[in-house]
1. Taking a ≥ b ≥ c as the square roots of the eigenvalues of the Cα gyration tensor of the range 5-152, is the shape rounded (a/c under 1.5), prolate (a/b larger than b/c) or oblate?
2. Hey, got the dipole for the range 227-296? About the Cα centre, +1 on K and R Cβ, -1 on D and E Cβ, debye to the nearest 20?
3. Tell me the net charge near Ile178. Cut-off is 11 Å between Cβ atoms, Ile178 excluded, with +1 for each Lys or Arg and -1 for each Asp or Glu.
4. Based on the mean of other Cβ atoms within 10 Å per residue, sort peptides 322-334, 162-174 so the most packed one is first.
5. Please arrange Phe57, Phe32, Phe303 by accessible surface area, largest first, computed with a 1.4 Å probe and ligands excluded.
6. Between the range 238-300 and the range 354-393, what is the C-alpha centre distance in whole Å?
7. Solvent-accessible area of Lys138, probe 1.4 Å, all protein chains present, reported in Å² to the nearest ten, please.
8. Between the range 1-45 and the range 46-110, how far is it from one alpha carbon centroid to the other, in angstrom?
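The values are calculated or read from the model by the stated rules, or taken from the named source; none is laboratory data. None of these values were measured; they are calculated from a predicted model. Glycine also receives a Cβ, built like all others from the backbone with ideal geometry; neighbour counts cover every protein chain displayed. SASA here: full protein model, heavy atoms, side chains in, ligands and nucleic acids out. Shrake-Rupley method; radii C 1.70, N 1.55, O 1.52, S 1.80 Å.
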Amino acid sequence: MTQNSKNVVILGATGSIGASTLAIIEQHPDKFKVLAISGHSNVNKLAELARQFKPKFVVISDSSQYTQLSRLISDECTVLAGAHELAAICQLDSADLIVAGIVGAAGMQPVLASVKAGKTLLLANKEALVLAGELVMKAAKDNGAKIIPLDSEHNAIYQCLPDSYQCGNTPRNIDKIILTASGGPFWNREASTFDGISPEEACAHPNWDMGRKISVDSATLMNKGLEIIEAHWLFNLSDDDIDVHVHPQSIVHSMVCYQDGSVLAQLGEPDMRIPIANGLGMPERIASGANMLNLLQSQDLQFFPPDYEKFPCLALAKEAIQAGGTSMAVLNAANEISVDAFLKKSISFTSIAKINAEIMNNTALAGIENVEQLLQLDAEVRANARQMVKHYA
Ligand code: NAD
Ligand code: MG
């Protein structure tokens with residue numbers, strides 16, 4: 001470890017983003033030291049990572065697994081458990097970079113803790129911003145925290161903005177941004193057959209290898225909807241300034257259209273190690289281990305307008321931004337429950353969008369006040385969505 005190496009905290013180290021982050025860190029032992037890792041319940045995987053990367057702290061967020069994990073690794077590191085400790089490792093004085101790789105609203109509090117401590121936050125956990133974007137962006141500004149998006153589209157936009165750009169500000173001199181979307185596995189599938197889609201089919205993404213929740217979100221295009229909301233908060237833009245182009249090859253990761261007519265894009269292989277290496281290495285460019293894009297060998301690059309009727313979740317996200325306040329948090333909570341029910345084979349693929357829409361219509365809109373209000377709302381909406389799942393089962 002050199003004097004200039006950065007101490008990294010990895011939230012969700014046992015997941016797909018966690019694995020890609022650790023794969024880059026492994027290539028640069030002189031540049032990074034893993035200070036702390038977290039995982040929810042996979043004790044053996046956490047223990048294996050702890051032995052390999054030797055962090056000082058390991059947090060298991062499901063406290064019921066604490067004793068089992070402690071038995072395996074407490075000689076080698078400090079083992080902690082629960083949501084409070086998850087937030088605490090984000091505020092360690094020695095932490096330089098926090099990688100937010102937890103899936104879902106469970107990542108909101110550690111994300112908030114990171115920005116309140118003025119840390120540099122490498123953000124993959126889009127649900128935290130969908131749920132609490134207003135609070136996260138304000139806390140980041142108030143405490144001088146820097147947010148670097150890891151989601152490939154948002155990282156692409158970030159790379160196409162000037163070096164001096166800070167997330168939370170509206171970029172200067174732009175006309176709009178364009179988020180690209182692969183279209184997911186069902187872009188060309190006949191909508192009348194959507195009811196028969198299985199979780200396995202939905203999780204088999206044509207271009208990206210990801211966790212199961214985001215894979216289903218990519219199949220419904222809810223992922224792109226959540227990403228419009230994510231872009232709305234990160235880049236301080238209205239939904240009118242955020243377009244979506246379906247680009248089945250996933251080579252152009254997104255674009256910034258400037259007022260002079262210039263369009264800047266970031267291209268690369270569809271490999272999350274590229275945006276993650278960008279965030280970890282900033283301001284340097286470091287090797288990611290990804291293959292270099294060769295446009296001579298790429299297929300034609302195609303772009304299509306999104307189909308809002310076939311994929312109604314995309315329209316729900318736009319409605320939520322326009323409604324403002326708690327509506328984005330409501331959509332996020334409903335979607336987490338409906339996707340989980342689909343993955344457990346309790347409801348059909350098309351019921352995901354129906355439940356999300358019905359919950360949005362049935363929930364009163366309010367302004368965002370504080371984190372306690374959001375946590376309560378999140379719990380209430382989840383309970384309502386679980387009831388609704390029973391009707392669709
Ligand atoms: P994943 O399911 O592979 O991993 C999720 C991680 O979160 C695991 O470490 C798990 O232990 C942890 N976790 C799950 N539930 C938790 C809880 N209740 N409390 C605390 N920790 C919990 O998911 P992923 O694909 O790595 O996605 C992580 C986040 O990154 C998501 O928000 C996703 O939308 C975003 N993202 C992922 C990709 C990708 O390629 N995988 C790309 C862009 C954005
Ligand atoms: Mg993305």
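1. Details: a/c = 1.73, a/b = 1.39, b/c = 1.24.
Prolate is the answer for the range 5-152, as a/c is 1.5 or above and a/b outweighs b/c.
2. Details: 2 positive and 10 negative charges, 82 e Å.
For the range 227-296, the charge dipole is close to 400 debye.
3. On the way: positive: Lys176; negative: Glu153, Asp175, Asp241, Asp243.
The answer is -3.
4. On the way: 322-334: 22.4, 162-174: 13.2.
So the order, starting with the most tightly packed, is 322-334, 162-174.
5. Working: Phe57 50, Phe32 15, Phe303 85 Å².
Putting Phe57, Phe32, Phe303 in descending order of accessible area: Phe303, Phe57, Phe32.
6. 34 Å
7. 120 Å²
8. Centre-to-centre (Cα) distance: 11 Å.
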